[in-house]
Amino acid sequence: MKNILFLLFFVISISAAAQSFKGGFRLGLTGSQVDGDNISGFNKAGLTGGFMAALPIDEYSDISAELLFVQKGSRKNPTKNNNLYKYIMRLNYIEMPFLYRRQLKTNFGFEAGLSFAILIDNKNREFDIYGKIPARPDFEKYEIAAHAGFKYFLNEKQSVNLRYSNSVIPIRKSPGISTYNYFIRGQYNIVLSLTYEHWF
């Protein structure tokens, strides 16, 4: 698997160096939740960052590929209203989005596409007030997600990106946290990311 990731990164780097391609990097923050865990709100903060390569289609649009580290998961902070209940799910992925991106004639643009991701951490994923939670269904090793986003161009090489992503297949089977989960096929990552992008 490490060889595959290295090869992908090498291909992206070489492609970005080619005359018809352009390359860059992105770095920012994520807010995430997991559909199906009975906890709402983008309360799990994380980091994201990585490299990008794009092949222009015309003056205003291109096809891009990215290699990113993305922190996802879910969180519920203890309060008096929830009897000081605490919960956190930590999921770290290497993600490879493939996107169609379109710049409007103003400073705005949009993007849409799919990604393939690999779950890279093997422990310390899920905790409550008593510590690590045992005896839960294991998480899937791979994730496929859909993406849609908007961006504001600061100049020709720099932009600010707001992206929404949602798993299209479950990241694991429902752990049966409540009786309502009987009607849920599984759990799904939902992520909002805000990033700074710079193209070379």
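Structural remarks
- Spacing of the two label points (7 Å from each Cα toward its C-beta) at Glu59 and Phe127, in nm: 5.4 nm
- For the listed residue pairs Lys76/Lys141; Lys22/Lys141; Lys86/Lys132; Lys76/Lys132; Lys22/Lys151, the alpha carbons are over 21 angstrom apart in Lys76/Lys141; Lys22/Lys141.
- Near the amide H of Leu154, within less than 5 Å, lie the amide hydrogens of Ser159, Val160, all on another chain or at least 5 residues away, with H placed in the peptide plane.
- Each label was represented as a point 7 Å from its Cα along the Cα-to-Cβ direction; for Val160 and Tyr100 these points are 2.8 nm apart.
- Summed side-chain charge close to Asp58 - residues other than Asp58 whose Cβ falls under 12 Å, Lys, Arg +1, Asp, Glu -1: 0
- Sequentially through the stretch 38-54, phi angles give Karplus couplings (6.51, -1.76, 1.60; θ = phi - 60°) of 6, 10, 10, x, 7, 8, 8, 8, x, 10, 8, x, x, 10, 9, 9, 9 Hz, Gly and Pro residues having no value and appearing as x.
- The Cβ shell under 14 Å around Ala145 holds other residues with a net charge of -4, Lys and Arg each +1, Asp and Glu each -1.
- Projecting the Cα atoms of Gly109, Phe69, Ala54 onto the dipole axis of the stretch 18-146, where Lys and Arg carry +1 and Asp and Glu carry -1 at the beta carbon, places Phe69 farthest toward the positive end.
- Partner aspartates and glutamates for Lys44 [C-alpha distance under 16 Å; skip if fewer than 8 residues away on the same chain]: Asp35, Glu126, Asp128
Read the figures in this text as sums done on the coordinates, not as results from a lab. Please read these numbers as outputs of a predicted model, since none were measured by experiment. FYI the Cβ positions are ideal-geometry reconstructions off the backbone, even for glycines, and counts take in every protein chain you see.
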